[in-house]
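Engineer: Once you've had a glance at the structure underneath, I'll fire off some questions.
The values are calculated or read from the model by the stated rules, or taken from the named source; none is laboratory data. Since the structure is predicted, the reported quantities are computational estimates derived from the model, not experimental observations. Virtual Cβ from ideal backbone geometry, glycine too; neighbours counted across all protein chains shown.
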Amino acid sequence: MVRSVKVLTAFVLALMTVLGASLVIMECLGWNALRGPVSRVVTASTGRAFSIQGDLDVDLGFTPRISADKVQLANPSWVDPDQPMLRVRRVEIDIHLPDLLRGRVVLPRVLLDHPETALVRRADGEASWDFGGEDKSGGTTPPRIRELIVTEGRLRLDDAVRKIELRAGVSSTNRLDAPLAEQLRVEADGRYNRQPFHLVANGGSLFNLLQNDTRYPVALDVRAGATHLTLDGTVGTAAEGQALDARLSISGPDTADLYGLLGVVLPNSPPYAVKVHLRRDGDTFHVDELSGRVGDSDLAGKMRFNTGGERLHMTADLRSRRLDFDDLGALIGAPPATDKGETASETQKNQASALARDQRLLPDSTLQVDRLRAMDADVRYRATSVNANAMPLKDVDFDVHLKNGVLRLTPASLSFPQGSAELRLTLDGTQTPPATELDLRLKKIRMDDLTPRLDGQAALSGMLDGRVQMTGRGNSVRAFAAHADGRVGLAMGGGRMSHLVVELVGLDVAEALGVLISKDEPVAIRCAAGALDLRDGQLQTRSLLVDTSDSLITVSGNVNLATERMDMKVSTASKGPSVFSVQTPVTLRGPLREPNVGIEAKGLAARGLAAVALGAVLTPLGAMLAFVDPGLAEDSDCAARLRQAGAGVQPASSPSAPAKKSAP
């Protein structure tokens with residue numbers, strides 16, 4: 001539009017330059033003699049071939065009228081030469097001479113008969129409407145058009161960046177008493193992201209657009225695939241300091257799809273529907289009174305979009321009264337819950353089905369790194385109530401900062417009835433593939449709140465502290481995890497296991513572990529701790545032990561994050577003679593999504609070997625406690641208790657027969 005204004009300005013000024021000296025001559029010889037000079041001036045001004053192939057005429061008077069037939073402005077050379085940027089059957093322009101003598105171009109009337117416009121943008125970002133070398137100083141004042149009449153206009157847009165192909169019809173009239181839909185109407189059909197695209201835009205008479213005391217009405221209805229956008233409002237003059245004031249409604253299957261339509265970088269989401277009050281003031285779009293739903297979560301707040309810098313900058317303050325926790329999974333490309341009553345798009349349902357079919361947990365949705373480089377953002381989000389099924393979260397609070405292609409989460413805080421989890425994350429989108437660092441800390445989380453309950457009693461109780469550090473590169477969560485490095489530390493001081501553990505793991509497995517528990521006598525956990533190393537996607541246990549009142553349980557093995565399969569062994573060493581003094585290791589093998597729990601088929605455990613190796617197993621625990629929390633290493637007696645437990649393990653004996661099963 002800016003370029004079209006400049007072309008029109010150059011065209012008018014070129015005519016005015018030669019008009020005064022040529023009036024008499026042209027009346028005698030004919031105005032067509034000026035077609036060549038005018039074409040050369042406009043061509044030099046725009047850098048594009050300009051021609052008037054039909055008649056050129058001027059009706060002299062107090063308000064002269066310039067008319068030209070078969071006017072054409074070329075596209076750049078890389079566009080099909082049969083698609084000029086602008087082709088008009090007839091142009092009529094009225095010029096107000098008193099304003100022209102004052103140095104202002106005022107056009108009381110402009111008529112465009114059968115205008116055809118072709119706009120093209122390649123995948124590398126080069127656009128046919130970018131003329132290059134233009135004066136950015138603002139020295140050229142655009143003409144004021146009081147009346148614009150367009151008859152049977154056509155617009156063609158092929159945008160490989162936004163993935164939009166459309167063909168539009170444009171018409172306008174200046175009957176102020178006509179309905180809005182008849183004063184200015186643009187109707188377009190095409191494809192957006194390979195999906196059907198339809199647009200209807202209506203505006204008031206353009207005669208009112210430049211009137212200082214009149215707000216110009218606009219209405220917009222856009223359907224791009226399953227995304228639906230409507231806008232109803234007014235446009236004012238620049239002098240009012242508020243160019244746009246409208247109500248905007250948007251709904252669709254995924255907020256990330258709005259990038260192509262609006263140029264705004266938003267994360268993936270479940271299906272959404274929101275309404276806002278949209279205002280534009282200078283370079284800033286104000287999005288106020290935001291309300292609606294994203295997935296099964298409500299959403300409210302406000303946003304600001306500043307277009308005056310090198311990149312679009314978004315600030316947002318968003319909140320939910322009640323967050324459905326699985327809706328957050330879409331932020332990392334994971335589908336939300338797809339059970340009955342849950343909100344998910346067809347694409348997300350298919351993704352969930354594929355993950356279940358392949359027995360995978362980690363999503364492989366590709367991160368659009370180029371979008372991270374297109375915009376800066378500062379976002380605050382808070383949810384005061386959380387629906388997380390068996391996880392009793394109280395609230396969620398996080399800040400997101402995106403600058404120069406680097407995204408930082410600083411931090412995401414999840415609060416439990418007792419304890420909290422904090423996640424700090426940095427994703428560097430300037431690298432290919434992007435580099436990610438994450439640091440997750442669990443602080444004094446009560447296990448009673450996280451494990452199943454029966455008859456009011458939790459299967460497992462105690463206070464859990466933990467920390468996970470991971471670094472890696474990949475353009476999806478799965479690709480990142482498959483080659484990540486890092487470490488994991490877990491510690492739980494005190495607690496107990498109830499008889500519900502037996503019902504959860506099965507009688508044979510519980511007997512093999514030596515943790516058969518009666519309903520009246522839960523097994524006390526003196527301490528539990530684990531240290532694991534992550535190398536190139538392989539999570540290997542260094543130390544993972546549970547010290548109960550009568551036995552020491554050790555876990556060894558690894559988890560392959562690339563294949564999402566585990567191979568773990570759980571062994572028990574008794575502290576004294578008991579009916580369970582001979583135990584068989586329990587195995588956990590297969591996909592992380594649904595591992596197989598069984599009993600080691602090779603025979604009974606050699607407790608003596610476990611005792612010999614215990615010193616090596618216990619060694620990393622001190623460093624692990626400091627890694628989880630320096631205060632935990634100083635104040636906790638967990639490591640000391642584990643060493644006491646190792647000293648109390650009985651030497652191995654050669655069993656003559658397996659232990660008999662005993663009921664709890």
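Engineer: Mind checking whether some residue in the stretch 321-331 is hydrophobic (A, V, I, L, M, F, W, C), under 25 Å from T563 (Cβ atoms) and within 16 Å of the chain's Cα centre (by Cα)?
Structural biologist: The initial filter retains those residues of the stretch 321-331 that are hydrophobic (A, V, I, L, M, F, W, C), namely 323, 325, 328, 330-331.
Checking which are under 25 Å from T563 (Cβ atoms) leaves us with 330-331.
Of the ones still in play, those that are also within 16 Å of the chain's Cα centre (by Cα) are 330-331.
Within the stretch 321-331 (the criterion being hydrophobic (A, V, I, L, M, F, W, C), under 25 Å from T563 (Cβ atoms) and within 16 Å of the chain's Cα centre (by Cα)), the answer is yes, since at least one residue qualifies.
Engineer: Now a separate question. Farther than 25 Å from A337 by Cα, in a loop (DSSP other than H, G, I, E, B) and either of a type in the set (S, T, Y) or modelled with pLDDT under 95 (or both): is that true of P433 in this structure?
Structural biologist: It is true that P433 is farther than 25 Å from A337 by Cα, in a loop (DSSP other than H, G, I, E, B) and either of a type in the set (S, T, Y) or modelled with pLDDT under 95 (or both).
Engineer: So V235 clears everything in (1) over 19 Å from R319 (Cβ atoms); (2) surrounded by fewer than 16 Cβ atoms within 10 Å (Cβ to Cβ); (3) not charged (D, E, K, R) except one condition, right? Which one?
Structural biologist: (2)
Engineer: Please give the number of the condition N404 fails out of (1) at pLDDT 95 or above; (2) of a type outside the set (A, V, I, L, M); (3) surrounded by fewer than 18 Cβ atoms within 10 Å (Cβ to Cβ).
Structural biologist: Going through (1) at pLDDT 95 or above; (2) of a type outside the set (A, V, I, L, M); (3) surrounded by fewer than 18 Cβ atoms within 10 Å (Cβ to Cβ) one by one, N404 breaks only (1).
Engineer: Assuming D94 fulfils every condition listed in (1) surrounded by fewer than 17 Cβ atoms within 10 Å (Cβ to Cβ); (2) closer than 16 Å to P143 by Cβ; (3) of a type in the set (D, E, K, R) apart from one, which condition is it?
Structural biologist: Condition not satisfied by D94: (1).
Engineer: Is it the case that R478 is of a type in the set (K, R) and part of a strand (DSSP E or B)?
Structural biologist: no
Listed here are the residues, each with its yes/no results for (1) out of contact with any helix residue (DSSP H, G or I) (no Cβ under 7 Å at 6 or more places or on another chain); (2) of a type outside the set (F, W, Y); (3) modelled with pLDDT under 70; (4) under 30 Å from L355 (Cα atoms).
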position: Q583; (1), (2), (3), (4): no, yes, yes, no
position: P595; (1), (2), (3), (4): yes, yes, no, yes
position: G603; (1), (2), (3), (4): yes, yes, yes, no
position: G608; (1), (2), (3), (4): yes, yes, yes, no
position: L625; (1), (2), (3), (4): no, yes, no, no
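Listed here are the residues, each with its yes/no results for (1) crowded, with 20+ Cβ neighbours inside 10 Å; (2) outside any helix (DSSP H, G or I).
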site	(1), (2)
K302	no, yes
H313	no, yes
D326	yes, no
L331	no, no
A337	yes, yes
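Engineer: Does any residue of the stretch 74-83 turn out to be part of a strand (DSSP E or B), of a type outside the set (A, V, I, L, M, F, W, C) and either within 20 Å of V150 (Cα to Cα) or in contact with an Asp or Glu (Cβ under 9 Å, 6 or more places away or on another chain) (or both)?
Structural biologist: no
Engineer: Could I ask something else about it? Determine if the stretch 402-420 includes at least one residue that is in a strand (DSSP E or B) and among the aromatic types (F, W, Y). Before you say what the answer is, go through the steps one by one.
Structural biologist: Step one: list which residues in the stretch 402-420 are in a strand (DSSP E or B), which gives 402-403, 406-415, 420.
Add one more test, that the residue is among the aromatic types (F, W, Y), and what stays is none.
No, because not a single residue in the stretch 402-420 is in a strand (DSSP E or B) and among the aromatic types (F, W, Y).
Engineer: Could you give me the residue pairs with C-beta distances under 7 Å whose first residue belongs to the stretch 31-59 and is under 19 Å from R89 (Cα atoms) and assigned to a helix (DSSP H, G or I), whose second residue is among the polar types (S, T, N, Q) and at pLDDT 90 or above wherever it lies, and which are 6+ apart or on separate chains?
Structural biologist: S39/S51
Engineer: Of all residues in the stretch 455-477 being surrounded by 19 or more Cβ atoms within 10 Å (Cβ to Cβ) and of a type in the set (D, E, K, R), which is farthest from I332 (Cα to Cα)?
Structural biologist: Residue satisfying both the conditions and the ranking: D465.
Engineer: Only one of these is of a type outside the set (D, E) and touching a helix residue (DSSP H, G or I) at 6+ places or on another chain (Cβ under 7 Å): N404, N387. Name it.
Structural biologist: Testing whether each residue is of a type outside the set (D, E) and touching a helix residue (DSSP H, G or I) at 6+ places or on another chain (Cβ under 7 Å) leaves just N387.
Engineer: Against the conditions (1) touching an Asp or Glu at 6+ places or on another chain (Cβ under 7 Å); (2) over 16 Å from L331 (Cα atoms); (3) not polar (S, T, N, Q), where does D317 fall short? Just the number, please.
Structural biologist: (1)
Engineer: If P270 meets every condition in (1) in contact with a Lys or Arg (Cβ under 7 Å, 6 or more places away or on another chain); (2) in contact (Cβ under 8 Å) with a residue 24 or more places away in the chain; (3) surrounded by 16 or more Cβ atoms within 10 Å (Cβ to Cβ); (4) within 29 Å of R408 (Cβ to Cβ) apart from one, which number is that one?
Structural biologist: So the condition that P270 fails would be (1).
Engineer: Of all residues being modelled with pLDDT under 95 and of a type in the set (S, T, Y) in the stretch 354-399, which is farthest from I445 (Cα to Cα)? Just the residue, please.
Structural biologist: T366
Residue by residue, here is whether (1) touching a residue at least 60 places away in the same chain (Cβ under 8 Å); (2) touching a strand residue (DSSP E or B) at 6+ places or on another chain (Cβ under 9 Å) holds:
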{"site": "A300", "(1), (2)": "no, yes"}
{"site": "F305", "(1), (2)": "no, yes"}
{"site": "H313", "(1), (2)": "yes, yes"}
{"site": "A330", "(1), (2)": "yes, yes"}
{"site": "E346", "(1), (2)": "yes, no"}
{"site": "N350", "(1), (2)": "no, no"}
{"site": "P363", "(1), (2)": "yes, no"}
{"site": "L367", "(1), (2)": "yes, yes"}
{"site": "R371", "(1), (2)": "yes, no"}
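Engineer: Got a sec? Which of I145, I164, I149 is crowded, with 18+ Cβ neighbours inside 10 Å and at pLDDT 75 or above?
Structural biologist: The unique qualifying residue is I164.
Engineer: Among the residues of the stretch 437-455, is there at least one that is basic (K, R), over 24 Å from R487 (Cβ atoms) and in a strand (DSSP E or B)?
Structural biologist: Yes: one or more hits.
Engineer: Among the residues of the stretch 539-572, which ones are part of a loop (DSSP other than H, G, I, E, B) and either touching a Pro at 6+ places or on another chain (Cβ under 9 Å) or of a type in the set (V, I, T) (or both)?
Structural biologist: Of everything in the stretch 539-572, those that are part of a loop (DSSP other than H, G, I, E, B) and either touching a Pro at 6+ places or on another chain (Cβ under 9 Å) or of a type in the set (V, I, T) (or both) turn out to be T563, E564.
Engineer: Can you find, within the stretch 60-79, the residue that is farthest from R122 (Cα to Cα) among those that are among the polar types (S, T, N, Q) and touching a residue at least 40 places away in the same chain (Cβ under 8 Å)?
Structural biologist: T63
Engineer: I want to confirm something. Restricting to the stretch 71-84 and keeping residues that are within 17 Å of H114 (Cβ to Cβ) and in contact with a Lys or Arg (Cβ under 7 Å, 6 or more places away or on another chain), which single residue is surrounded by the fewest Cβ atoms within 10 Å (Cβ to Cβ)?
Structural biologist: In this case the residue turns out to be Q72.
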